[in-house]
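Inspection log for the structure reproduced underneath, given as structure tokens.
The values are calculated or read from the model by the stated rules, or taken from the named source; none is laboratory data. Since this is a predicted model, take the numbers as computed values, not measurements. Accessible surface is based on the protein model in full, side chains and every heavy atom, while ligands, DNA and RNA are left aside. Shrake-Rupley method; radii C 1.70, N 1.55, O 1.52, S 1.80 Å.
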Amino acid sequence: MTASWRFSALGDRHRAMGSNLEDWSGMGTAWTYDKDQEEEYLAIRTKAGFMDVSGLKKVHVTGPHASHVIDRATTRNPEKIKPGRSSYACMLNDEGKFVDDCVIYRMGPNSWMVVHGSGQGHEQLTMAATGREVDIRFDDNLHDISLQGPLAVDFLEKHGVPGIRDVAYFSHIHTTLWDKPVTISRTGYTGERGYEIFCRAQDAPEIWDTLVEKGADMGIIPTRFTTLDWLRAESYLLFFPYDNSDMYPFENEKHGDTLWELGLDFTVSKGKTGFHGAEEHYRLQGKERFKIYGVKLEGTEPADEGAPLLQDGKQVGVVTIGMYSSLNKHNVGIARMPVNCAVDGTKLSVKNKSGEVPCIAHSMPFYDVDKKRRTAKG
């Protein structure tokens, strides 16, 4: 494990399954287990699996000016978010470039929780809070166990979570699970119907162990953090900085991608102005230097992470993540490519270490295109 300053209460569980607790966002995280990763992918797609995503940063924003702070720091209109609901949003810098994404949870009239990844979310909120009557509190006691897959709702109903079938997509409830106080949110990062279980650090090991014990009969198993890469590649879920110019810098300019380039412009509430970077965001529309777009490869050998994307033998982009699905029988990836290549059917190729693989540009997501699985009711 590299030098981490944040620690999961589930670290011993991950070590017992073979993890070295690689660093992500300052927390030792289970990137590897001593078992078959394909089994984990298939469990989440066909049954359910659970993983420790406590490395996500949880920030409580409370007080009379809390809504103003979130309005300034993010692309969403917080007043449109009702208590018990949440919304996916982005954060920008002065240049209108992406610096983080987040989920905004409204806990009450003046109480919010913002959950973000390894970008500058906490800093953006703190900056927007200057001079305001608001409390910004980082919370690593709150752990996050993500239970994802089509059987997740059946499992939680079976184990006594009242009204779990009525919890709509991007909603959350305060309840108990095995007599432990939890907040259960119908969110996730897999493209499946899933739930995030927010719990206290002291309760996380017992909840995890009970999931292991009681989930086994339904084929519900623990999964490593990096299984998300397989799931996100076919579900069009970006992962900062691994799809961004922070990882794949421009040749003659500093890093930073626009929402138009990343396909995340939908996160800006209609007509919203005044958020950090708003003027530049709108000015940069139509000035895309590249597009995030999908690729579909021939055969079953997935694209290497960071593999060059070629057109007529010349590199024009890069594949940021690739996967072959034995379940869905497709070989797909997420790529950074020229705007004129981001058209379905454009002929390209991927230069893997083992050789060149033909592919075509293809719109995303590749899986559950209409998003009916993750948004299902009842």
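List the relative contact order of the chain as a percent without decimals, with contacts defined as Cα pairs under 8 Å and 6+ residues apart. The partial results should precede the final answer.
Values: 852 pairs, mean separation 62.5, N = 378.
For the chain, the relative contact order is 17 percent.
Taking the solvent-accessible surface of protein heavy atoms with a 1.4 Å probe, what is the per residue accessible area of the range 185-327 in Å²? Intermediate values should be presented prior to the final figure.
Values: 5860 Å² over 143 residues.
Roughly 41 Å² per residue, with all protein chains present.
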Part-to-part distance (alpha-carbon centres) for the range 245-267 and the range 37-86, which is given in Å: 22
GNM top mover of LYS270, LYS97, LYS82 - the chain, alpha-carbon springs below 10 Å: LYS270
Per-residue ³J(HN,Hα) for the range 117-131, Karplus 6.51 cos²θ - 1.76 cosθ + 1.60, θ = phi - 60°, Hz, x for Gly and Pro: x, 9, x, 9, x, 4, 5, 5, 5, 5, 5, 5, 8, 4, x
Distance histogram in 5 Å bins (all Cα pairs of the range 186-230, percent per bin): 5, 18, 20, 31, 22, 5, 0
Over the range 1-85, relative contact order from alpha-carbon pairs under 8 Å, at least 6 apart, %: 21
Overall Cα dimensions of the range 201-297 - principal axes, largest extent first, Å: 54, 38, 23
From phi via Karplus (6.51, -1.76, 1.60), per-residue ³J(HN,Hα) for the range 367-378 in Hz, x at Gly/Pro: 10, 6, 4, 8, 6, 6, 5, 6, 9, 4, 9, x
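If one computes P(r) from the Cα atoms of the range 1-119, what percent of pairs lie at distances over 17 Å?
Values: 4530 of 7021 pairs.
Counting pairs separated by more than 17 Å, the tail of P(r) holds 65 percent.
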Under the Karplus curve 6.51 cos²θ - 1.76 cosθ + 1.60, θ = phi - 60°, whole-Hz ³J(HN,Hα) for the range 299-310, x wherever Gly or Pro sits: x, 10, 7, x, 5, 5, 5, x, 5, x, 9, 10
Amide H partners (placed H, <5 Å) of HIS330, local residues excluded: SER325
Residues whose placed amide H lies under 5 Å from that of TRP24, excluding near-sequence neighbours: THR29
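Given an 8 Å cut-off on Cα distances and at least 6 residues of separation, report the relative contact order of the range 57-161 as a percent. List each step's numbers first, then the result.
Numbers: 175 pairs, mean separation 35.2, N = 105.
Computed over the range 57-161, the figure is 33 percent.
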Value at 222 nm in deg cm²/dmol, rounded to 500, when DSSP H runs of n ≥ 4 in the chain each add -39,500 (n - 2.57): -5000 deg cm²/dmol
Over the chain: Rg over Rh, Cα atoms, Kirkwood Rh: 0.96
Built amide H within the under 5 Å cut-off of VAL182, gap 5+: THR175, THR176, LEU177
